[in-house]
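The next block holds one structure in the form of structure tokens; read it before the comments.
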Amino acid sequence: MPGIGKTTLAFKVYIDPAVVCYFHIRAWCCVSQAYSRRSLLLDILRHIIELNDTILAMSNEDLDLVLYKHLKKNRYLIFMDDMWSIRAWDDFKISFLDDGNGSRILMTSRLCDVVSKVTPECNLLDLRLLSDDESWELLKLKIFHQESYPEELFEVGKEIARNCKGLPLSVVAIAGILNSTSKEYESWKQIAESLDSLIVGDQQSRCMDILELSYKNLPDDLKACFLYFAAVYTERSFEQLRGSCRELPDGFDW
């Protein structure tokens, strides 16, 4: 399911200090539904070596060999985000040798059977939806951090959180909208009423509707920024994209 927090959770693991210290090499790539094998190879390698002109001129087969040689005898963590097909794994597994030294491949996919086909013995973590109370706690954290909040926002805030239907991405998107409005009952009630019209349909449709609502509430200059990233960075890794947009208005942070 999209928006349930797979990439967010994986990224927290990826940057955890204990993980950083344990692995000699870490690399991250976003596979996506339509991927280029060469682009993914270069995305992985850019975390390991400098991509100079010699590397960029290599064939895919030579890039495979470069990756293999750098991973050999090193303890590595390779994160493959948003896997849609077992074919992506088949394209890369020859380079991911197992030296029995604790190296790991971490994958996310909205299709459980894709990850389970990689190896039947894999440790599969199936994320669940948030409860209404958990959604409210996340919403409060994103808006007020650890500070207190106006009592008049309690009921309408819980209504907004409940209408996110347990999807973390929806909660975060709505938090961005709420952060850009006044923290008053009437403003929040308008948002709650907007959400009321989106609660029909399946989970994915609701999520897309909430994201659309979030987009419409962006300032015009940030709408242009958003569309630029969508057009240019489809093949870039999450970590690179994160580093490309350091300064955003309050509420629309990563």
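The values are calculated or read from the model by the stated rules, or taken from the named source; none is laboratory data. Just so it is clear, the model here is predicted, and its values are computed rather than measured. Heads up, the Cβs are rebuilt from the backbone with ideal geometry, glycines too, and the neighbour counts pull from every protein chain shown.
Quick grid of which residues meet (1) touching a helix residue (DSSP H, G or I) at 6+ places or on another chain (Cβ under 9 Å); (2) among the aromatic types (F, W, Y); (3) within 21 Å of K216 (Cβ to Cβ):
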site	(1), (2), (3)
W89	yes, yes, no
T119	no, no, no
L130	yes, no, no
E134	yes, no, no
E147	no, no, no
E186	no, no, yes
Q190	no, no, yes
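Looking only at the range 172-189, count how many residues are part of a helix (DSSP H, G or I) and either in contact with a Lys or Arg (Cβ under 7 Å, 6 or more places away or on another chain) or in contact (Cβ under 8 Å) with a residue 60 or more places away in the chain (or both).
Selection size over the range 172-189: 6.
Which one of these is under 22 Å from the mean Cα position of the chain (by Cα) and among the acidic types (D, E): E134, E121?
Exactly one of E134, E121 is under 22 Å from the mean Cα position of the chain (by Cα) and among the acidic types (D, E), namely E134.
Do we have any residue at all in the range 193-214 that's over 22 Å from I4 (Cα atoms) and either assigned to a loop (DSSP other than H, G, I, E, B) or at pLDDT 70 or above (or both)?
There is at least one residue in the range 193-214 that is over 22 Å from I4 (Cα atoms) and either assigned to a loop (DSSP other than H, G, I, E, B) or at pLDDT 70 or above (or both).
Does I160 fit the bill of being within 28 Å of the chain's Cα centre (by Cα), assigned to a helix (DSSP H, G or I) and modelled with pLDDT under 90?
no
Being among the aliphatic types (A, V, I, L, M) and within 21 Å of the chain's Cα centre (by Cα) narrows it down to one of L77, L71, L67, so name that one.
Result of the check over L77, L71, L67: L77.
Could you grab the pairs with beta carbons closer than 6 Å, sequence gap of 6+ or different chains, first residue in the range 9-25 and closer than 11 Å to Y76 by Cα, second one of a type in the set (D, E, K, R)?
Short answer, once both residue conditions are applied: F23/R75; H24/R75.
For the range 35-149, which helices (runs of 4 or more DSSP H) that fit wholly inside it have 3 or more residues that are farther than 20 Å from H24 by Cα, at pLDDT 90 or above and acidic (D, E)?
Answer list for the range 35-149: 132-144.
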